[in-house]
Amino acid sequence: MFELSQLRCFVAVAEELHFGRAAERLHLTQPPVSRQIQVLERVLDVALLNRTSRAVRLTPAGRRFLVEARRILRLSDEAAATARRVAAGQAGSATLGFTAAAAYRTLPDLVRAARRRLPEADILLKEMVSAAQAEALGAQGIDLGLMRPPLPPAADGTLRIARETLVAALPDDHPLASGEAVTARDIAAEPLIAYAPDEARYFHDLVGDYFADEDLMPRAVQHLAQIHTILSLVRSGLGLALVPESAASLRVAGVSLRPLVPAPRRPVELFLVWRRSNDNPLIPILAELAGTLDASMPELD
């Protein structure tokens, strides 16, 4: 099989049609250039050049091979440049798992920052509940995850990138919407659209702990997993709900968000997680970008 150095010598001679000028161009002496092309012709078992004491000409096979040799060298240069960019964290790909609620604010901000910093990198997104992310992280199905606690043992690289609170969600025309805040007792007296204990365990426990702290037990009329679905049912008048403050980014028409009194003891947290043993060079860059995100929440309507 021929070598790239032989192709470079051949292309230089084919373009210069002169061994001396080709050698100068390659910063070599003439004999090594001649030997490289002789070896190339033996490997190919075909004459690429017609040589005389006065001129160098390409054979028909040489003219065709010149086209392919240029293409191979171009691809080789591009591959080397790509490898260097990947090693430097300027290109390549990373798979990012995320919960649906992370898409309200954190995920768009992180993707926007990554596109600006890493225009040649591919960030592959996978919407997954936190439990599925934990499994995928351990099996190397994702490189990073935007997930809720509890964090899995495989996630030995962690960064908390959002900390917010639960707020009350109620229809615009509900009497409680006229006040500046809503009490836990007010919410407990109304039908509650709650979180499913399996599909949305984190929020299910947060809401349960909030009411338990106040010795209250609201009446749940539905158990759902997705916050946007819960807000849609709040709008319908089916019941009230507790949602993370960042849900204000959804701006669901007909739904008002109000602070809770007393404020919940446990915050709503979101973490970026990864495995330190994963040598993907994009991971530290994405973690750095995530650490610079503005974690402030939009104002409640």
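The numbers here are math on the coordinates, done by the rules we state, and not lab data. Since we're looking at a predicted model, the values are computed, not measured. Here the Cβ positions follow ideal geometry from the backbone for every residue, glycine too, while neighbour counts run over all protein chains shown.
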| Rg and Dmax of region 1-129, using alpha carbons, in Å: what are they? | 23.8, 77
| query | Using a ≥ b ≥ c from the Cα gyration tensor of region 218-301 (square roots of the eigenvalues), is it rounded, prolate or oblate, where a/c under 1.5 gives rounded and otherwise the larger of a/b and b/c decides, a/b for prolate? | reply | prolate
| query | Under a plain spin-label model, where a point goes 7 Å from the Cα along Cα-to-Cβ, how far apart in nm are Gln140 and Ser5? | reply | 3.4 nm
| said: So for the chain, averaging the separation of alpha carbon pairs under 8 Å that are six or more residues apart and normalising by length, what relative contact order in percent results? | reply: 21 percent
| query | Across 10 Å bins from 0, what is the distribution of all Cα-Cα pair distances for region 121-172, in whole percents? | reply | 20, 45, 22, 11, 2
| field | the chain: calculated mean residue ellipticity at 222 nm from DSSP helix runs of at least 4, using -39500 (n - 2.57) | value | -12500 deg cm²/dmol
| task | With a bin width of 10 angstrom, please list the P(r) values of region 163-213 as percents of all Cα-Cα pairs, from the 0 bin to the one holding the largest distance. | result | 20, 53, 25, 1
| remark: Counting only DSSP beta bridges with both partners in region 166-261, the antiparallel fraction in percent, to the nearest 5, comes to 50 percent
| request: Return the whole-Å distance between the Cα centroid of region 21-58 and the Cα centroid of region 243-296. | output: 63 Å
| said: How large is the convex hull of the C-alpha atoms of region 159-284 per residue, in Å³? | reply: 121 Å³
| query | Of all the stretches in the chain, which is the longest one without any exposed loop site, taking trypsin sites (Lys or Arg not before Pro) in a DSSP loop (any state but H, G, I, E, B) with at most 14 other Cβ atoms within 10 Å? | reply | 55-250
| Spin-label zone in region 209-236 - amide nitrogen under 19 Å from a point set 7 Å from the Cα of Leu125 along the C-beta vector | 226-229
| Among beta bridges that DSSP assigns inside the chain, antiparallel share in %, nearest 5 | 55 percent
| said: Over the chain, with a Gaussian network built from C-alpha contacts below 10 Å, which listed residue (Leu146, Leu238, Leu96) shows the highest mean-square fluctuation? | reply: Leu238
| Which whole-number percent gives the relative contact order of region 166-261, counting Cα pairs below 8 Å spaced six or more residues apart? | 50 percent
| remark: As a percent rounded to 5, the proportion of antiparallel DSSP bridges among beta bridges in region 25-174 is 20 percent
| Any idea what angle helix 282-291 forms with the longest principal axis of the chain, computed on alpha-carbon atoms, 0 to 90 degrees, nearest 10? | 40 degrees
| message | Can you sort Ser246, Ser256, Ser34 from fewest to most other Cβ atoms within 10 Å of each residue's own Cβ? | response | Ser34, Ser256, Ser246
| task | Any chance you could check the Cα centroid distance between region 136-168 and region 205-240 for me, in angstrom? | result | 23 Å
| Taking R0 as 25 Å, what's the FRET efficiency between Asp279 and Arg71 from their Cβ-Cβ distance, rounded to 0.05? | 0.20
| query | What's the long-distance tail for the chain, i.e. % of Cα pairs beyond 25 Å? | reply | 62 percent
| note | Sorted largest first, the C-alpha extents of region 113-208 along its principal axes in whole angstrom are 51, 32, 19
